[in-house]
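Data block below; observations after.
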Amino acid sequence: MEQPQTDRGVKELEASIHPFRIRPYDDSDFQDLTELVMSMLNNSPLETLKYNVHVSLEETKKADASDLFFPDTRILVLEHGVDKRIVGFISYAIQRKGGFYIEYEWVEKDYTKYGYDDKLFQRVEDEVSKAGGGSLYILVSHEEHRFIDFLINRGYQTLNTLELAKYLDGPPKDSGRNIEIEGNSSSDRLSNAQEEQTID
């Protein structure tokens, strides 16, 4: 009697039928990457964006220039199938005190079934490990429940995030909250973070 395949086994089988490759971004990928970023921005949960907006291709190109293309940022693209269509990407950077931070990750909806999100994260984790990094960070909205579950399953731990807003024209009339806390609060971590901040 045959044993049923696990979800992971099915994903591995599908990925072997549909070849893929993860490689560094190059300038010829700009249009494809811009379309992926536009898809990411236009399909993100509204809770994350906090407003309903449709981002145009031109606006996305400007966002790419300001958010993705920095000297310390590395972008990896994911090619799918024999036509090598770019269907996903991940970007990460080295920031303060040598910490590595994942900035963006996106796989087109029709291709998530192949386990490509896992593969992109694994590639970055391998690269960070080879570079001598001991940890990898990612900032996620508390509203992204499925993505948080995905990260926890990959071994990521929840840290504290404190989001503050200063409304220069006074607080919005439809919201009584000016401070939003993501994750569980910890006075020890908060005081440690405050000690690290210095004014030059």
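The values are calculated or read from the model by the stated rules, or taken from the named source; none is laboratory data. Since this is a predicted model, take the numbers as computed values, not measurements. Glycine gets a Cβ as well: all are built from the backbone with ideal geometry, and neighbour counts include every protein chain shown.
Would you point out which residue out of Asp110, Asp118 is over 18 Å from Glu35 (Cβ atoms) and assigned by TED's automatic domain parsing to the domain that holds Leu33?
Testing whether each residue is over 18 Å from Glu35 (Cβ atoms) and assigned by TED's automatic domain parsing to the domain that holds Leu33 leaves just Asp118.
Of the residues that sit in the stretch 141-157 and are modelled with pLDDT under 85 and within 13 Å of the chain's Cα centre (by Cα), which one is surrounded by the most Cβ atoms within 10 Å (Cβ to Cβ)?
Per the criteria, the residue is Ser141.
Considering the stretch 72-115 alone, what residues qualify as being of a type in the set (Phe, Trp, Tyr) and out of contact with any helix residue (DSSP H, G or I) (no Cβ under 8 Å at 6 or more places or on another chain)?
Within the stretch 72-115, Tyr101, Tyr111 qualify.
What's the total number of residues in the stretch 76-120 that are closer than 12 Å to Arg23 by Cα and surrounded by fewer than 17 Cβ atoms within 10 Å (Cβ to Cβ)?
Here the count works out to 1.
Between Lys119, Lys84, which is among the basic types (Lys, Arg) and at pLDDT 90 or above?
On inspection, the qualifying residue turns out to be Lys119.
Could you figure out which of (1) among the β-branched types (Val, Ile, Thr); (2) at pLDDT below 60; (3) not in a loop (DSSP other than H, G, I, E, B) isn't true of Val53?
(3)
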